[in-house]
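Structure first, then comments.
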Amino acid sequence: MSEHSEPEPDIAIVRNRNYAEAHPGPDDVLLLVEVSDTSLSDDLDIKVPLYARHGIPEVWLVDLVHERLEVYLGPTAQGYRQALRPRDGEFIAASQVPEVTLDIEVLWR
């Protein structure tokens, strides 16, 4: 995000380019995935708002404690405009990389 801020998402899907000289920046990120069990409050209160302020287009938050997926879309300086909670039996596709899909039911098996 900046030279003083380096959150470590569990999964990052980034644009295809050479990263030998620099880490991906916000403009390179297509999708971030955070997997939360003990870190849920930090992920919700710190990381997700930080990602929104830096324009990350989509964040998936896998909440292991409550067995739910939250999908954040439409970043603004104040947070994400949209938060979705897909249910069992639904599929979700990444908005920037539609070939990345997830069957919600398989997360909890």
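Between the listed residues L73, V14, P26, the Cα displaced farthest toward the positive end of the dipole of the chain, a dipole computed from Cβ unit charges relative to the Cα centre, is found at L73. With both labels modelled 7 Å from their Cα along Cα-to-Cβ, the S39 to N16 distance reads 2.9 nm. Restricting the GluC sites (Glu not before Pro) of the range 21-109 to loop positions (DSSP other than H, G, I, E, B) with no more than 10 neighbouring Cβ atoms within 10 Å leaves E21, E99. Taking other C-beta atoms within 10 Å as the exposure proxy, D37, D43, D10, D63 rank D37, D10, D63, D43 from fewest upward.
The charge dipole of the range 11-108, taken about its Cα centre with unit charges on the Cβ atoms of Lys, Arg (+1), Asp and Glu (-1) only, comes to about 380 debye. Mean residue ellipticity, 222 nm, helices only, the chain: the sum of -39500 (n - 2.57) across DSSP H runs of n ≥ 4, divided by residue count and rounded to 500, is -1000 deg cm²/dmol. In terms of Cα atoms, the Rg and Dmax of the chain work out to 13.8, 42 Å. Residues R109, R87, R68 in ascending order of nearby Cβ atoms (within 10 Å, fewest first): R109, R87, R68.
No lab work stands behind these numbers, since they all come straight from the coordinates. Please read all numbers here as calculations on a predicted model, not as lab measurements. Note that each Cβ is placed from the backbone with ideal geometry, even for glycine, and that neighbours are counted across all protein chains shown.
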